[in-house]
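This report concerns only the one structure given below.
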Amino acid sequence: MTPANEEGRTTSRPGKASGIMDLSRLDVSIALSDNPRTRPLLEGRVQVEGLRLIPTAVHPSEMFWRQLHFADFDISEMSMSSLLIAASQGDRRWVGIPVFTSRRFFHTGVLVRKDSGIDSPAQLAGRKVGVPEYQQTAAIWSRGALQDEFDVSPASIEWFMERGPSVSHGSATGFRPPPGVTINQIPPDSSIGQMMMSGELDATLLYIADRNLVDRSRADLSGVAKPLFPDQAKEGLRYHQATGLYPINHTVVVRRTLLERHPWIALNLYTGFLNATNVLLDATKAWVEPAIETGTVDATSASLLTRNAMPYGFTGGRKELETVARYVHHQGLTDRVIQLDEIFAESTLGL
């Protein structure tokens, strides 16, 4: 008998030249942001053994809202902070796979009004600062860096949050402002962009102007705002050297009911994401090797270019995962520090 998929349908890969039919694969929906690490899967250049992926490229803001509220997809990227918060409240719909499709030095993205007089992180204290969503992982990392590196506490800032209950991630996880923290709701007819332009905000922790169903800021802030850190790359390097952290904000999750029926999906999926990363690394090597031969790139630089700076698995991400779990708790969004074995598939914990 041919095994059925989660919806009861079956699919088969085309037969080989010998006429022997390959094993059937499960149809599963998958939502991913479109970036070089995910594109081989979105475009079908990399397959996952045993699965036929039905892909959708979705902006992360929208993706997480759809998953947390409606569970639209069998597999998707997921906000690390929202996954931790959901787990703390007993929401067990999703199981994590240690694949980290997005990392960034988020605090280097803080923007301040040029006329605000803010020239250092310490000067954010007492100011009005925008944030798309208080619980989003990028905001968690930024506040953690501001507190640990520059002694600026979340409670010292007056926050203005753009996303309302109907489209926020927090409305699915029971978000409440942490004790001692002031969070104002930006009215539906305004936005972070408009308030930055008008001078109602002094700064914004991050700014999302990409079109999606959740974020509504569209204003070009280049005329009124500047980065808090003039040399963002330099600050990112300093932070990395000081802390050893390369902040993770997205992991990958699988619907728990699907994984309980087919536990082999966890490691097959992990391998598929690794293979997609290898496509990226192989493409880099294809142009680096002739560059070495012609002297355009030296061997030391080439070794850095062809190294995976965003490794998957707990070996390559444990410090960041434990740090963000601690930050989420210390910032008042979980009642305890969530342990990694509470949110990730058991079969992946040794990776």
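What to note about this one:
- Selection of segment 219-259 for residues being of a type in the set (F, W, Y) and within 18 Å of the chain's Cα centre (by Cα) yields only Y246.
- Single match in E149, E200, E133, E162 (criterion: out of contact with any strand residue (DSSP E or B) (no Cβ under 9 Å at 6 or more places or on another chain) and at pLDDT 95 or above): E149
- Leading residue by the ranking (modelled with the highest pLDDT) among those in segment 168-189 that are touching a Lys or Arg at 6+ places or on another chain (Cβ under 9 Å) and part of a loop (DSSP other than H, G, I, E, B): I186
- In segment 149-165, the residues that are assigned to a loop (DSSP other than H, G, I, E, B) and open to solvent by 20 Å² or more (accessible area, probe 1.4 Å): D151, S153, P165
- Restricting attention to segment 40-71, the residues that are free of Cβ contacts under 8 Å to residues at least 24 places away in the same chain and either touching a Phe, Trp or Tyr at 6+ places or on another chain (Cβ under 7 Å) or not aromatic (F, W, Y) (or both) total 3.
- A search for C-beta distances below 7 Å between a residue of segment 239-268 that is assigned to a loop (DSSP other than H, G, I, E, B) and any residue that is modelled with pLDDT of 95 or more and aliphatic (A, V, I, L, M), counting only pairs 6+ apart in sequence or on different chains, returns H262/L26.
- Matching residues, segment 38-53, being assigned to a loop (DSSP other than H, G, I, E, B), farther than 9 Å from V279 by Cβ and of a type outside the set (S, T, N, Q): E43, G44, V48, E49, G50
- Test for Y207: is it open to solvent by less than 70 Å² (accessible area, probe 1.4 Å), closer than 23 Å to V324 by Cβ, touching an Asp or Glu at 6+ places or on another chain (Cβ under 7 Å) and not aliphatic (A, V, I, L, M): no
- Only residues that are over 20 Å from the mean Cα position of the chain (by Cα) and either among the acidic types (D, E) or surrounded by fewer than 18 Cβ atoms within 10 Å (Cβ to Cβ) (or both) were counted in segment 92-123, giving 7.
- Being closer than 17 Å to S142 by Cβ and not hydrophobic (A, V, I, L, M, F, W, C) is a property that S79 has.
The values are calculated or read from the model by the stated rules, or taken from the named source; none is laboratory data. Predicted, not measured: the structure shown is a model, and the values here were computed from it. We place every Cβ from the backbone using ideal geometry, glycine too, and count neighbours over all the protein chains shown. Note: areas computed on protein heavy atoms with side chains; ligands, DNA, RNA excluded. Shrake-Rupley method; radii C 1.70, N 1.55, O 1.52, S 1.80 Å.
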